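The values are calculated or read from the model by the stated rules, or taken from the named source; none is laboratory data. It should be emphasised that the depicted structure is a prediction, and the values quoted were computed from it without experimental measurement. A quick note on method: Cβ atoms are made from the backbone with ideal geometry, for glycine too, and the neighbour counts reach across all protein chains shown. In case anyone asks, the SASA skips ligands and DNA or RNA and just uses the protein heavy atoms, side chains included. Shrake-Rupley method; radii C 1.70, N 1.55, O 1.52, S 1.80 Å.
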Amino acid sequence: MKRLSFISICLVIVSIASGSVVIGQRYPLGIMPSGIVKVENGYGTYYVTLVKGDSELIVFDSSFKPVTIMDTVKNDGVNDIIYRDGKLYCFGFFSGRLVIIDASGYPGRWKKIDEIPTSSRLITGAFIDGRLGILSNESEFIVLETINRTILKRYKLPVTALTIAEDSSHFYVSLFYNYNTLDRSMETQKGLMVFDIDGQLSASLDIGKRPSYISIDGERLFLISYMEESLKVIDKATLKVIRTIELGRYPNYPVIQNGKLWISITGEDRVASIDLESYEATYYDLLGKGPIKTVPHGGMIYVLETITGTLEILDETGRFVETVKLEGYPVDIVFSGRDAAVLLQEDWKTGKNTGAMLTMRLN
């Protein structure tokens with residue numbers, strides 16, 4: 001394990017490297033924008049933001065200029081969206097409907113083409129060969145055949161799940177709420193459940209308290225254990241834990257890129273980089289506080305920080321380069337050539353409970 005700290009030389013580097021990012025436009029959004037989904041079709045590349053509080057989809061072009069607002073899902077209370085094969089699948093929390101939008105043309109012509117009722121409050125989902133595995137707020141795992149609009153299976157989970165991931169043959173569901181933090185007891189010993197494409201339970205694992213995010217790389221699962229402050233590496237064939245890597249307090253959203261797994265350690269203001277071959281962990285200390293997501297791009301490492309409302313930039317060795325003041329609560333970042341956009345769930349400049357899309361140019 002390596003640990004790097006460059007705080008003592010930060011002032012020198014700032015004076016040399018400042019100005020590598022130029023702030024562009026700040027586009028106001030509605031209540032609680034949650035993430036950015038990339039859509040590629042025959043007309044170009046677009047970025048779709050779900051504004052949860054208003055249940056709207058806001059579409060930006062490849063240079064992050066707003067193109068259109070879709071309010072056709074206004075009454076559904078959409079909780080999440082995924083893109084697959086020219087369609088946007090919108091998970092209705094309030095309506096209990098899966099809303100399907102044809103996104104194969106120019107955004108101005110995108111339209112709702114189907115609504116499939118489920119009688120459950122939908123959270124999120126994942127695809128395998130036309131079958132959609134869905135998590136609901138009623139602690140269900142639902143398998144839906146999208147072509148014939150048929151629910152193939154409903155499985156009652158022990159507790160409400162947080163995330164779902166998929167490979168070519170199985171759905172993997174993490175039971176984040178398996179541990180009750182109020183009375184400090186286990187609601188269920190199960191932490192990870194594995195289902196086949198028909199929705200049949202293949203296996204369930206006792207994996208510890210509050211398993212959260214799942215990443216897949218080849219024949220391995222990488223499961224973050226929020227309460228146990230660790231990363232568990234699981235062999236998919238045997239479903240055995242082959243490695244446990246200590247992370248630190250409150251590990252957050254993982255990103256796999258260039259043979260490494262990047263994890264923001266929110267409670268310790270640092271970033272962990274895990275080599276996927278050797279499992280060697282390198283930790284980088286940060287100047288900002290509350291890192292939530294780390295994304296490498298173009299030889300740099302970009303870290304979103306929620307407490308200080310900043311974007312901290314490191315070089316590929318982890319040395320500090322620059323801090324960009326976002327003046328908001330960041331939740332996502334995307335890149336398009338030399339352009340980038342940060343999604344702010346809260347825009348502190350407005351002083352309101354609304355978000356913004358902040359664009360920037362990378363020099």
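Under a cut-off of 15 Å between alpha-carbon atoms, report the aspartates and glutamates in cross-link reach of Lys209, not counting same-chain residues fewer than 8 places apart. The reachable aspartates and glutamates, counting only those whose Cα sits under 15 Å from Lys209, are Asp183, Glu187, Glu228, Glu229, Glu246. Between segment 19-85 and segment 316-363, the alpha-carbon centres lie 15 Å apart. Calculated accessible area for the chain comes out at 43 Å² per residue, all protein chains present (probe 1.4 Å; ligands, DNA, RNA ignored).
Of the peptides 331-337, 143-149, the order by per-residue mean of other Cβ atoms within 10 Å, starting with the highest, comes out as 331-337, 143-149. The Asp114 and Glu327 beta-carbon pair, evaluated with R₀ = 56 Å, returns a calculated FRET efficiency of approximately 0.90.
Treating the beta-carbon of each Lys and Arg as +1 and of each Asp and Glu as -1, no other charges, what is the dipole magnitude of segment 28-295 about its Cα centre, to the nearest 20 debye? The partial results should precede the final answer.
Details: 30 positive and 34 negative charges, 87 e Å.
For segment 28-295, the charge dipole is close to 420 debye.
For segment 166-237, a simple Cβ point-charge model (Lys and Arg +1, Asp and Glu -1, everything else neutral) yields a dipole of about 260 debye relative to the Cα centre.
In this structure the amide hydrogen of His297, modeled in the peptide plane, comes within under 5 Å of the amide hydrogens of Tyr302, none closer than 5 places in sequence on its chain.
Using 23 Å as the Cα-Cα cut-off, could you pick out the over-long pairs in Lys293/Lys325; Lys112/Lys349; Lys38/Lys352; Lys52/Lys325; Lys112/Lys156; Lys38/Lys236? Please report the intermediate quantities before stating the final value.
Numbers: Lys293/Lys325 16 Å; Lys112/Lys349 34 Å; Lys38/Lys352 27 Å; Lys52/Lys325 25 Å; Lys112/Lys156 30 Å; Lys38/Lys236 28 Å.
The pairs that break the limit, which is 23 Å between Cα atoms, are Lys112/Lys349; Lys38/Lys352; Lys52/Lys325; Lys112/Lys156; Lys38/Lys236.
Mean separation of Cα pairs under 8 Å and 6+ residues apart, divided by the residue count of segment 118-205: what relative contact order is that in percent?
Working: 209 pairs, mean separation 18.8, N = 88.
It rounds to 21 percent for segment 118-205.
Spatial offset of segment 98-164 relative to segment 177-200 amounts to 21 Å, using the alpha carbon center of each. Applying the Karplus relation 6.51 cos²θ - 1.76 cosθ + 1.60 with θ = phi - 60° to segment 251-266 yields 3J(HN,Hα) values of x, 10, 4, x, 9, 9, 7, 6, x, 9, 10, 9, 10, 7, 9, 4 Hz, where x marks Gly and Pro.
Out of Pro211, Pro33, Pro296, any idea which swings most in a Gaussian network model of the chain, alpha carbons joined below 10 Å? So, out of Pro211, Pro33, Pro296, the one fluctuating most is Pro296. In the chain, the portion of solvent-accessible area held by carbon and sulfur atoms comes to 48 percent [1.4 Å probe, whole percent, DNA, RNA and ligands not counted].
Placing +1 on each Lys and Arg Cβ and -1 on each Asp and Glu Cβ, with no other charges, gives segment 90-149 a dipole about its Cα centre of roughly 240 debye.
So which trypsin sites (Lys or Arg not before Pro) in segment 167-224 end up in coil per DSSP with only 13 or fewer other C-beta atoms within 10 Å? Kindly include the intermediate steps, with their values, before the conclusion.
On the way: sites: Arg184, Lys190, Lys209, Arg220; in loops: Arg184, Lys190, Lys209.
Here the sparse-neighbourhood loop sites are Arg184.
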